[in-house]
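What follows is a short report on a single structure.
The values are calculated or read from the model by the stated rules, or taken from the named source; none is laboratory data. Please read these numbers as outputs of a predicted model, since none were measured by experiment. Here Cβ is always computed from backbone atoms with ideal geometry, including for glycine, and neighbour counts include all displayed protein chains. Just so you know, the surface numbers come from the protein's heavy atoms only, side chains and all, with ligands and any DNA or RNA stripped out. Shrake-Rupley method; radii C 1.70, N 1.55, O 1.52, S 1.80 Å.
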Amino acid sequence: MAQQGIHGVWANRWTFVLAATGSAVGLGNIWKFPYITGENGGGAFVLVYLLCIALIGIPIMVAEVLLGRRGRQSPINSMRYVAKEAGLSSNWSAVGWMGVLAGLFILSFYSVVAGWALHYVFQTGMGAFEGATREVSQGVFGELLSNNTALISWHTVFILMTVGVVMAGVTRGLAMVARVLMPLLFVMLIMLLGYGMAAGDFVGAAKFMFSFKVSALSWDGVLIAMGHAFFTLSLGMGSIMAYGAYMPSHSNIGQTVVTVGVLDTLVALVAGMCIFPIVFASGIEPSSGPGLLFQSLPVAFGNMPGGLFFGTLFFILVSIAAWSSAVSLIEPGVAWLIETGKFNRVTANLVLGGASWLVGISCALSFNLLADFKPLFLANRTPFDFLDFLTAQVMLPLGGLFIAIFVGWRMAKAVMEDEMDAEGHPMLDIWLFVLRYISPVLVVIVFVITLMNTFAG
Ligand code: TRP
């Protein structure tokens, strides 16, 4: 509960901002955003992504925090509570169920990539990239992808780190870590930006990321951009709802959410502007896929003064950013299992962490043993790509759609005004308008067009 001292509200608001930023800023910003931007032609993709953040992500994030703070429980039970309060069917808790499942699926492949980052802490620290060229860094990455033992071990280590934190219930402690380490990560990115300006193809990178060429973007790309807006803001599955449940009653949700959204977007854009100057200067293909971060930045670290130190620190910070995000992926499920009364924190974590670990094995092997395993039931994708697609492009937008419909169309305005202390505030009406008529409509339009294209093609 909120401590209502003179500075109490502020302190608590910042705790939420830190926890939510810890959840939002992660591999999505530093690993995924640059590589999907590279795969989808740059500028036009970035613009659509920014529009999705503003018109879909931020409004839905406000709705999610609102639901969590009203329900004050795990997303499944919060949804049940707010539905009951509105006189609606408890089936709305399905939003929470889908979220728990989506969280487990995301953690499965997220943990594999976080494992790559952990591996890179040691590779960089041991000097594997001293004086490295593109060939060297690509070689090191290829070696990792062919090393099943390393892939599975690092994936296991990361799942253990995640359940370790969630078991101890120290999400608040993690917020403290975020207070120091997130800014440090940002400083590192700014430093890399400086290196890119001095030694990379900075102009080429800026042109790629910010010049708008519609022809470079397909409808699939639009869906990917929209899905990524959900992914990067941790939306559509209950992470933010679960954190909203711990937010003090009288703090400004809108302001808080905008802070988190802007920070998250800034980190992604800066990460892109760190990676692409190196990509273009060293002749790496922008569309190289999930390996882009791991093939490009080591070239920079291998050739800058102090690169051994900075590179090692960078991958440590990326791992920690991934860690504080992963925690929020299983917290909703863990909270729910505990609420059933049949599990404690330890057993709940063993069940959910174990499930993600098991599914994650298939993701870890998706780059070698299972690289050609693209069955129809996985939509012709490897397990890794399928789970990424299923969550980011289907489950999260769908979850967000239902959240927008519930809050926009089903929740009593009096409840919102009460929860947000915003009676008669013009921003409330603007937000509600967007949440009703713009966010859900855009999600549906993008869904329908991509579906039509899939069946037409
Ligand atoms: N947003 C995080 C990232 O960008 C990942 C993440 C954490 C997430 N919790 C989530 C994604 C919930 C979707 C839903 O790395």
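Conditions: (1) under 19 Å from residue 255 (Cα atoms); (2) more than 16 Å from the ligand (Cβ to nearest atom); (3) in contact with a Lys or Arg (Cβ under 9 Å, 6 or more places away or on another chain). Residue 411 meets all but one. Number of the miss?
(1)
Is it true that residue 318 is open to solvent by 20 Å² or more (accessible area, probe 1.4 Å) and under 25 Å from the mean Cα position of the chain (by Cα)? Walk me through it before giving the result.
Details: open to solvent by 20 Å² or more (accessible area, probe 1.4 Å): no; under 25 Å from the mean Cα position of the chain (by Cα): yes.
No, not satisfied.
Considering each of 240, 224 in turn, give the residue that is in contact (Cβ under 8 Å) with a residue 12 or more places away in the chain, under 30 Å from residue 448 (Cβ atoms) and open to solvent by 20 Å² or more (accessible area, probe 1.4 Å).
On the way: 240 fails: open to solvent by 20 Å² or more (accessible area, probe 1.4 Å).
Within the list 240, 224, the selection yields 224.
Pairs, please: C-beta under 6 Å, at least 6 apart or cross-chain, first residue within 18 Å of residue 316 (Cα to Cα) and in segment 22-46, second outside any helix (DSSP H, G or I) and near the ligand (Cβ under 7 Å from one of its atoms)?
Taking only residues 6 or more apart or on different chains, the pairs are 23/234; 24/233; 24/234.
Looking at (1) in a helix (DSSP H, G or I); (2) surrounded by fewer than 20 Cβ atoms within 10 Å (Cβ to Cβ), which one does residue 195 not meet, given that it meets all the others?
(2)
Here are some residues: 313, 401, 390. Which one is touching a residue at least 24 places away in the same chain (Cβ under 8 Å), surrounded by fewer than 24 Cβ atoms within 10 Å (Cβ to Cβ), in contact with a Pro (Cβ under 7 Å, 6 or more places away or on another chain) and among the aliphatic types (A, V, I, L, M)? Walk me through it before giving the result.
Details: 313 fails: in contact with a Pro (Cβ under 7 Å, 6 or more places away or on another chain); 390 fails: in contact with a Pro (Cβ under 7 Å, 6 or more places away or on another chain).
Matching residue, one of 313, 401, 390: 401.
Find the residue count for segment 58-88, including only residues that are more than 16 Å from residue 436 (Cβ to Cβ), small (Gly, Ala, Ser) and either in a helix (DSSP H, G or I) or touching a His at 6+ places or on another chain (Cβ under 9 Å) (or both).
4
In segment 214-234, is there at least one residue being in a loop (DSSP other than H, G, I, E, B) and within 15 Å of the ligand (Cβ to nearest atom)?
Scanning segment 214-234 turns up at least one residue that is in a loop (DSSP other than H, G, I, E, B) and within 15 Å of the ligand (Cβ to nearest atom).
Return yes or no: is residue 255 in a helix (DSSP H, G or I), of a type in the set (S, T, N, Q), away from the ligand (no atom under 12 Å from the Cβ) and crowded, with 21+ Cβ neighbours inside 10 Å? Quick ask: steps written out before the conclusion?
On the way: in a helix (DSSP H, G or I): yes; of a type in the set (S, T, N, Q): yes; away from the ligand (no atom under 12 Å from the Cβ): yes; crowded, with 21+ Cβ neighbours inside 10 Å: no.
The answer is no for residue 255.
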